[in-house]
Amino acid sequence: MTNIASHDAVRFGNTELPPEQQEALRKAIRVEWATMGFLVVTTTMVFLVLGNSQAMKAAWIEDLLSFLPPISFLVAAHAIRKPPSEKHPYGYHRSTGVAHLVAAVALTVMGGYLLVESGLGLLKAEHPTIGGIELFGNTIWLGWLMMAVMIITSAPPVFLGRAKMKLAEKLHDKVLYADADMNKADWMTAIAAVAGVAGIGMGLWWADYAAALIISASILHDGFKNTRAAVSALMDKRAMTYDDGKPHPLGRQLDEYLRSLDWTEDAKSRIRDEGHVFHVESFVVPAGKATPSLEQLEAAREACVAMDWKVQDMVIVPVAELPSEFLPGPTPGAEH
């Protein structure tokens, strides 16, 4: 992985990254490795104080699942360096989407399993117990250690999540965004686990299962949300922003530029998000129905590619009228 962070990271396939994105990718790789190191420590700490608490078990499994997004990101960051080939003419950018889907399905399955297990424990009224532990010659309640570990390990993921969120926007990386989104919500898992353990200490046996249900529901929610986003992306959904909040503005910018050319009457583009980079098909109606020259088409294409580093592949297709039936949104001509 060292080579990715130093030299090979300057490219996504055939796309050479601008300096800002090169530095963002290097930082993202370092942050994900730091996340992995942090998770090794936290999962070990939580395992050592696990006890019989269902909430602690759910929190520990969530920590284990938190390895998936960083691993997915690092694997995809390695795969997308490969240039397009005869067998993969669009390159290997979809590796990001595949990694996203694998991690999301794992979250969904495990979240569902924990939800069912915690629900059955609550229905069966199984009373969890937390014993004592010998520490420095004194016997103390294990619950204090459980709560201390959860509180200590709750803060770092929030700061890691914020750092990843900024990098995800710069790189247009949805796996990194999903990881950041999960990290930012980790403090809720810690609070739920602390509440569950405290409930056992106060004789409220059901509080532990209630906390486990909250943690399980959080895992399941993350799984569903990310599975839906990953599947939509692999099915060539309209290109969206890195957080899937709205259609990516690049399509509008490309259309505005193409319409501004003196040899075009109208233009509309559809964009396929390949993972980090876009494949663009722009349909243009030539002014006066005159066929544009190869020089005009090539100049327009080069200007569009230069607009944004994410435009890796682009084709401009002269047409007699816009094929509005498969283009996103209403065509400009339909508004008048």
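The values are calculated or read from the model by the stated rules, or taken from the named source; none is laboratory data. These numbers come from a predicted model, not from an experiment. Cβ placement follows ideal geometry from the backbone for every residue including glycine, while neighbour counts extend to all protein chains displayed.
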Just to be sure I understand, how many residues within the stretch 150-183 are surrounded by 21 or more Cβ atoms within 10 Å (Cβ to Cβ) and not in a helix (DSSP H, G or I)? 3
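When the stretch 208-221 is examined, which residues are found to be over 10 Å from S53 (Cβ atoms) and small (G, A, S)?
Matches in the stretch 208-221: A210, S216, A217, S218.
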Please go through the stretch 252-284 and give me each residue that is among the small types (G, A, S) and assigned to a helix (DSSP H, G or I), ordered by number. S260
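Can you confirm whether H100 is closer than 16 Å to N183 by Cα and either of a type in the set (F, W, Y) or crowded, with 16+ Cβ neighbours inside 10 Å (or both)? Reasoning before the result, please.
Values: closer than 16 Å to N183 by Cα: yes; either of a type in the set (F, W, Y) or crowded, with 16+ Cβ neighbours inside 10 Å (or both): yes.
The answer is yes for H100.
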Complete set of residues in the stretch 51-84 that are within 19 Å of D273 (Cα to Cα) and without any contact (Cβ under 8 Å) to a residue 24 or more places away in the chain: A79
Just to verify a result, which residue in the stretch 211-250, among those that are out of contact with any Leu (no Cβ under 8 Å at 6 or more places or on another chain), small (G, A, S) and in a helix (DSSP H, G or I), is modelled with the lowest pLDDT? A233
Condition test on D208, is it of a type in the set (D, E) and out of contact with any Leu (no Cβ under 6 Å at 6 or more places or on another chain)? yes
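Per-residue answers, yes or no, for (1) under 30 Å from S118 (Cβ atoms); (2) of a type in the set (V, I, T):
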residue	(1), (2)
Q21	no, no
A34	no, no
T43	yes, yes
G51	yes, no
A55	yes, no
A58	yes, no
L64	yes, no
